[in-house]
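For reference, the structure discussed in these notes is given below.
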């Protein structure tokens, strides 16, 4: 019989190497043992994916390793998502995400989505090649706390500004926190387009999103 | 050789052929082509090699475009007083910037291939992206691509067959655009002509 500690260690280790079938098995074993979904998530899956990110930063892991780990965690999340919802734990916030118009790259964005969801955000992903008017319509429909613009190409980064202009024009700019990210993006560029936040990787995005949300909420009078 | 050229391994072969054909007194020093997949390492690698070459050459130039360094290579060039090839990627050097931009405007989901990538597809794409070990990742990488465009510098039947195979592996229709080496040669000529500044003998005939 596997113990809860062994389940957590196994989830951590198998997520790290991207063993999706084993991660799902261990998730089931943990639930069968009566372990809380939050524990599986926060004590094993998220720390493991954070370690994957750290190894990528150090050059010990490459994109394939990141992706298979992300897929393994995503599989577990599919199983845990409805259970987490049932627990009645409120989401940290609602995050609307999309890759800008003219850009089809979404590997980084998808990893960010997994980390955000794991951290308790409700994530609405608009996919790739999202036009400014589509962002505006989705903000209207979903009323997110944060909207994230992702770009991989220097040639598509200017769409950040186009999106900001569309939000201004629609009178929505003060309604949402805007975060930007992607390989060519820098803090300076984020500042230049008037974004509220920028982060260099998935883990940093989660921390920055939480900080921005806390900042905004603390400004709202009770 | 008075001039040393730090070259991306992915274009070093045609660069060396052009240098030889034109009889330029230039020594081509390639860096590993797989840096193509780790562009954040390029600037430091170029700096190290350029510094070493500067000890025994009058002039050092850089046969890289920006190549995904997002300005880091330009910073190294400014630091060491080097010049590099123009453009964002080697694709610009084969197809031309405006033509390439039109490909991507027409179909943002365009996956670009060069002769080098076609020839080394199994190593530089399949193995490097982990598709040999994790074929399920193909969907993650390529689901939003709609076509492969081969910027064919030297479209031999052998390369055409390899390009067809690469496109089939990606699950994309192949468009062949014959580019030759004309633009690359002109860009090299501009780069190396300028890099001889300070001497009366330009490296170009």
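With the condition kept exactly as written, say whether any residue in the stretch A:160-169 is more than 24 Å from residue B:144 (Cα to Cα) and in a strand (DSSP E or B). No; the residues of the stretch A:160-169 include none that is more than 24 Å from residue B:144 (Cα to Cα) and in a strand (DSSP E or B).
If you check residue A:156 against the conditions, is it closer than 21 Å to residue A:91 by Cβ, outside any strand (DSSP E or B) and in the same structural domain as residue A:105 (by TED's automatic domain parsing)?
Values: closer than 21 Å to residue A:91 by Cβ: no; outside any strand (DSSP E or B): yes; in the same structural domain as residue A:105 (by TED's automatic domain parsing): yes.
No, not satisfied.
Look at residue B:192 and say whether it is within 19 Å of the chain's Cα centre (by Cα), surrounded by 15 or more Cβ atoms within 10 Å (Cβ to Cβ) and modelled with pLDDT under 95. Against the criterion (within 19 Å of the chain's Cα centre (by Cα), surrounded by 15 or more Cβ atoms within 10 Å (Cβ to Cβ) and modelled with pLDDT under 95), residue B:192 qualifies. Residues considered: B:28, B:19. Of these, the only one that is under 14 Å from residue B:84 (Cα atoms) and touching a strand residue (DSSP E or B) at 6+ places or on another chain (Cβ under 8 Å) is B:28.
Filtering the stretch B:39-73 to residues that are touching a residue at least 24 places away in the same chain (Cβ under 8 Å), touching a helix residue (DSSP H, G or I) at 6+ places or on another chain (Cβ under 6 Å) and in a helix (DSSP H, G or I) leaves B:42, B:43, B:46, B:47, B:50, B:72, B:73. In the stretch B:75-86, the count of residues that are within 14 Å of chain A (Cβ to nearest Cβ), out of contact with any strand residue (DSSP E or B) (no Cβ under 8 Å at 6 or more places or on another chain), in a helix (DSSP H, G or I) and at pLDDT 95 or above is one or more. Evaluation of residue A:117 against the conditions (1) in a helix (DSSP H, G or I); (2) modelled with pLDDT of 95 or more shows that the sole unmet condition is (2).
Go through A:130, A:112 for me and flag whichever is more than 10 Å from chain B (Cβ to nearest Cβ), touching a strand residue (DSSP E or B) at 6+ places or on another chain (Cβ under 9 Å), within 25 Å of residue A:173 (Cβ to Cβ) and modelled with pLDDT under 95. Before the answer, list the steps.
Values: A:130 fails: modelled with pLDDT under 95.
After applying the criteria, what remains is A:112.
Count of the stretch B:130-154 residues, restricted to those that are part of a loop (DSSP other than H, G, I, E, B) and either touching a residue at least 24 places away in the same chain (Cβ under 8 Å) or surrounded by fewer than 16 Cβ atoms within 10 Å (Cβ to Cβ) (or both), is 11. Among the residues here, residue A:106 qualifies as under 30 Å from residue A:160 (Cα atoms) and either free of Cβ contacts under 8 Å to residues at least 60 places away in the same chain or within 14 Å of another protein chain (Cβ to nearest Cβ) (or both).
From the list B:104, B:35, the lone residue that is within 13 Å of chain A (Cβ to nearest Cβ), within 14 Å of the chain's Cα centre (by Cα) and assigned to a helix (DSSP H, G or I) is B:35. The single condition among (1) more than 14 Å from the chain's Cα centre (by Cα); (2) closer than 27 Å to residue B:149 by Cα that residue B:92 does not satisfy is (1).
For residue B:4, the conditions (1) within 22 Å of residue A:59 (Cβ to Cβ); (2) more than 16 Å from the chain's Cα centre (by Cα); (3) in a strand (DSSP E or B) all hold with the exception of (1).
The values are calculated or read from the model by the stated rules, or taken from the named source; none is laboratory data. A quick note: this is a predicted structure, and the numbers were derived from the prediction, not measured. Reconstructed Cβ throughout: ideal geometry from the backbone, glycine too, with neighbour counts over all protein chains shown.
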